[in-house]
Every structure is written in structure tokens, then in C-alpha cells.
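A.B. asks: Would you mind keeping the following structure in view while I ask a few things?
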Amino acid sequence: MKINANYFNLKDNYLFATIAQKVRDFSAANPNKTLIRLGIGDVTLPLAPSVVSAIKSATDEMADKNTFKGYGPDGGYEFLREAIKNYYKSTKNVNIEMSEIFVSDGAKSDVGNVVDIFSRDVTALIPDPVYPVYLDTNIMDGRKIEFIDGNESNNFLPMPTENTKADIIYLCSPNNPSGASYSREQLKIWVDFAIANNAVILYDAAYEFFITDKNLPTSIFEIEGAKKCAIEFCSLSKTAGFTGTRCGYTVVPHELMLDNTSLNKLWSRRQSTKFNQVSYIIQKGAAAVFTEQGLIETRENVAYYLENARLISETLKDLEVWHTGGDNSPYIWLKCPNGQSSWEYFDYLLNEINVVGTPGAGFGKMGEGFFRLSAFGSREGVIEAMKRLKNLHR
Ligand code: PLP
């Protein structure tokens, strides 16, 4: 018997555990100080009323012998896939078929599991800094990994060069942690690169709902040619506060072929073998997000976070602190002032103004010297934190 020894190559992810420990130590030593948490990547506002009402009535259906549901259909219920299809058409002018949509319990599972359908003998290209799941799931498979660096000069939106080698390409836009979003022109370059290199783009659009700038694409499928080379991952977690409720979806176009094989068919086979769908009750709640009223309520919550983000970004502009994000994204990614390292700046903010953020170094080596602030907290917290930050840096 042998275990998968690739797991030994994973680095322990101490980021959030270390933050939690530092915060506990600080609070124990300073019981009278009020901490403001701008480190969280989790939502804080409740589910929209339409969603709650749909979940309640679906629960009632489950309590009645005549409307009770057992296992749901592979890929998700038609009512939800249809709602997603219509959402793509009406908000992005993108035509997708219901059979191209796969409902899931969130983007983390799909982004993590999708590597099952690729050979372990190919190269994954991963932006740095980025959501750590892409890296860890490829390490688990023992795949060759190349990084593409985000930095100040490319505004944390790395682009391919003639030396770039990749079979699987991860793109995350708006990006976690940098909050930066690719333009249409930039995505077109990536799509052309993928087609020319017979590569697949895994496009993580978990934060697409935060894009308000009409010039920015909210789906890779807005780009010509993308259906031939991309899979898109979406989530209701940040869109509609589903982090604890769990629902997302992945779009695998029929046009996407590799080795004369449809990736839609492979993914369908993978999912029907290893995944038994999201509960009827939650799929009903998810479908309510895409109703006219659901979208209005959901946009209200997102507007609240975006206003928090704007307030943070405005303060940083005022203080002349270099940053990305803050518009079209719930994250603000700033360069630590005075050349401090990510963890030095973390300690500095914690001790001096009792504000908790996330050290950029936790998202990759290119994150060193940078820091992530999140807009998912309360308005009062953000206003107070920005007041303290202004006093500190002035
Ligand atoms: N993708 C990115 C870029 C994320 O930041 C997150 C969560 O923070 C996820 C995916 C996971 O989303 P879900 O809650 O749908 O699993």
C-alpha cells in the first residue's frame, strides 16, 4: 500500500490560523480595545428575502408526500439551469445551453475537482498571487506547475509572453486577492493564446457579480473564441451570500474539445459518478437569486459591500498608497507603506490601530510586501478603520 505522496509537497496553510492566533493573543493582552476585522473573505449580510422565502416553501414541499423529492437530476434541476441560462443571456448577452451548465455546491469543489479530467502529465499555469486552491489541487496530482507573476507594473494582471508554456491556465477575474479585473482586450489575448497552444483556460468568475463597469467582461464567454478553450466557474457565495448555504455552477461549452473529446462529456461523467447534486431546497433558493426581484435584492447587498470598498479605496488614494481593486471587487490590495513586509504591516495595523487585514504573502510569493483589505465587514467598521488608518499614516 502506498499513499499519494504528493500530499507531502503541500505547504501547511498557516495563513488564517496564524492570523487567528495573533488576534487571540492581542485580544487577551488588550481586553479593552475594539478590533475591526477587514481580513474576512466571508460575507456578513443575510440571504435576500426572495431566497429565504423560496427555501422555506421548498422545505414545505419536502414535508408533503405529494411534492417530496429524492435524488435530483445530474447537472442540476432544469428550473435552475434555465434561470442561469437566462441570466447569461440577459446580463451578458451570452448564449449557453442548459446542458452546458453544471450546478454544484460551490466554486471551490468544481475548481478543485476539475483537474480530474486532465492528464497529470501536463503543465498548469497559475497566476501569483491568487486563490490558493489552484496551486494545492495541482500539487496533489503531482502536475508540473509554472507561475505567471502579478506585480505593480502589470497591475496584478499578468499576461502571456512568447515564452509562456501552459496546458491548463487559471485566470481569476476579479481576482482574489488583488481585486484586479481583466479587460476584454486582455482576455482576448489569453483566449488567442490558449487556442494557439491547445490549452484550456479555467476561468474563475466567483466575483463576477461585483463588476459594475459596463466595459469589463463578467464572463470569459463574452470573448470571441472562448467557447473553444474555456471552462467558467461561478458561485453564489459572494454574489448572493451563499457561503454557508452552498451553491455554484460551472459552464463547460460543447465546443470545447481536446484530443477529439468533448470536455463537457468528461465533466458530466465525472460529476455523475462522484457528485449527487445540491439539495432541491437550496437549488430553489438559488433559482430565486435569478428572478427579477431576487437580482434587485442581491444587487443591494453587493452595492453595500462595493460602497465599503469605495470608502477604503478613497482613503488609500488620499494617503497616496498604491493599490488595486476597490471598484468592481470586494477586495483592496495595497502596497505596504514604508517598505514593510506583509506580516510586519499586519502586526503594525493590529497593534497601532487594532485593524485586522490579510498579509499578501499568504497568496503567493508575489504577494510579499502587499496586503489585502476586504469590504465584507460593516459600514461602521470600515468608516472607523479608515479614520484610524488616516491618523496613522498622516
Ligand atoms: N474562487 C475564488 C477566487 C474564491 O475567492 C472563493 C472563495 O473565497 C471561491 C472560489 C470559493 O467559492 P465557493 O464558496 O463557491 O466554494
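The values are calculated or read from the model by the stated rules, or taken from the named source; none is laboratory data. Nothing here was measured: the structure is a model prediction, and the numbers come from that model. Glycine also receives a Cβ, built like all others from the backbone with ideal geometry; neighbour counts cover every protein chain displayed. Accessible surface areas use protein heavy atoms only, side chains included; no ligands, DNA or RNA. Shrake-Rupley method; radii C 1.70, N 1.55, O 1.52, S 1.80 Å.
A.B. asks: Convex hull over the alpha-carbon atoms of region 1-105: what's its volume per residue in Å³?
C.D. replies: That works out to 302 Å³ per residue.
A.B. asks: Using a probe of 1.4 angstrom, how much of the accessible area of the chain is carbon and sulfur, in percent? Don't jump to the answer; show the numbers that get you there.
C.D. replies: Details: 8930 of 17890 Å².
On the chain, the fraction of accessible area on carbon and sulfur atoms equals 50 percent.
A.B. asks: Right, here's the next one. Kindly provide the helix-only [θ] at 222 nm of the chain, computed as the sum of -39,500 (n - 2.57) over DSSP H runs of four or more divided by all residues, to the nearest 500 deg cm²/dmol?
C.D. replies: Numbers: 12 runs with 153 residues, N = 394.
Value at 222 nm, helices only: -12000 deg cm²/dmol.
A.B. asks: Quick one: in the chain, what % of C-alpha pairs are over 42 Å apart?
C.D. replies: On the way: 9639 of 77421 pairs.
Roughly 12 percent, once rounded to a whole number.
A.B. asks: To the nearest 0.05, how large is the calculated FRET efficiency for Asn155 and Met62 if R₀ is 56 Å and r is the Cβ-Cβ distance?
C.D. replies: Working: r = 48 Å, r/R0 = 0.86.
Rounded to the nearest 0.05, the efficiency is 0.70.
A.B. asks: Contour minus end-to-end for Glu320 and Leu15, with contour as 0.36 nm per residue of separation and end-to-end as the Cα-Cα distance?
C.D. replies: On the way: separation 305, 0.36 × 305 = 109.80 nm, distance 2.75 nm.
So the extension gain works out to 107.0 nm.
A.B. asks: Also, I was wondering about something else. What is the packing order of peptides 297-307, 15-25, taking the mean over residues of other C-beta atoms within 10 Å and listing the highest first?
C.D. replies: Working: 297-307: 17.5, 15-25: 13.5.
Descending mean neighbour count gives 297-307, 15-25.
A.B. asks: Further question: Using the Cα atoms of region 173-261 to build a convex hull, what is its mean projected area in square nanometres?
C.D. replies: Working: hull surface 25.4 nm².
Its average projected convex-hull area is 6.4 nm².
A.B. asks: Find which of Asn198, Asn264, Phe210 sits farthest along the positive direction of the dipole of region 185-298, computed with +1 on the beta-carbon of Lys and Arg, -1 on that of Asp and Glu, about the Cα centre.
C.D. replies: Value: Asn264.
A.B. asks: To continue, here is another question. So what's the gap between the Cα centers of region 74-110 and region 26-67, to the nearest angstrom?
C.D. replies: 24
A.B. asks: Which peptide among 130-142, 198-210 comes first, and what is the full order, when sorted by highest mean count of other Cβ atoms within 10 Å? Could the numbers behind the result be given before it?
C.D. replies: Working: 130-142: 18.9, 198-210: 23.4.
Highest-to-lowest ranking by the protection proxy: 198-210, 130-142.
A.B. asks: Where in region 343-386 does the amide nitrogen come within less than 18 Å of the point 7 Å from the Cα of Lys33, taken along Cα to Cβ?
C.D. replies: Only 343-359, 381-382, 384-386 fall inside the zone, counting backbone N under 18 Å.
A.B. asks: Additional query: Only four residue types carry charge here, +1 at the Cβ of Lys and Arg and -1 at the Cβ of Asp and Glu. Report the dipole size of the chain about the Cα centre in Debye, rounded to the nearest 20. Numbers along the way, then the final one.
C.D. replies: Details: 41 positive and 47 negative charges, 123 e Å.
It comes to approximately 580 debye.
A.B. asks: Moving on to the next point. Just add up the charged neighbours of Asn95: K/R +1, D/E -1, any other residue whose Cβ is under 15 Å from the Cβ of Asn95. Display every interim value, and only then the final one.
C.D. replies: Details: positive: Arg81, Lys85, Lys89, Lys92, Lys227, Lys228; negative: Glu82, Glu97, Glu100, Glu222, Glu224, Glu232, Glu255.
Neighbour charge sum, excluding Asn95 itself: -1.
A.B. asks: Which parts of region 297-312 would a label at Leu45 reach, counting a residue when its backbone N lies under 12 Å from a point 7 Å out along Cα-to-Cβ?
C.D. replies: 297-309
A.B. asks: Within the set Lys89/Lys214; Lys65/Lys274; Lys188/Lys227; Lys335/Lys365; Lys228/Lys265; Lys238/Lys284, which residue pairs have Cα atoms separated by over 24 Å?
C.D. replies: Numbers: Lys89/Lys214 15 Å; Lys65/Lys274 28 Å; Lys188/Lys227 12 Å; Lys335/Lys365 14 Å; Lys228/Lys265 14 Å; Lys238/Lys284 18 Å.
Flagged as over cut-off: Lys65/Lys274.
A.B. asks: Quick one: accessible area per residue over the chain, 1.4 Å probe, rounded to a whole number of Å²? It would help to have the intermediate numbers written out before the result.
C.D. replies: Numbers: 17890 Å² over 394 residues.
So the chain comes to 45 Å² accessible per residue, rounded to a whole number.
A.B. asks: Alpha carbons only, please: Rg and Dmax for region 64-291, in angstrom.
C.D. replies: Computed over the Cα atoms of region 64-291, radius of gyration and Dmax are 17.1, 62 Å.
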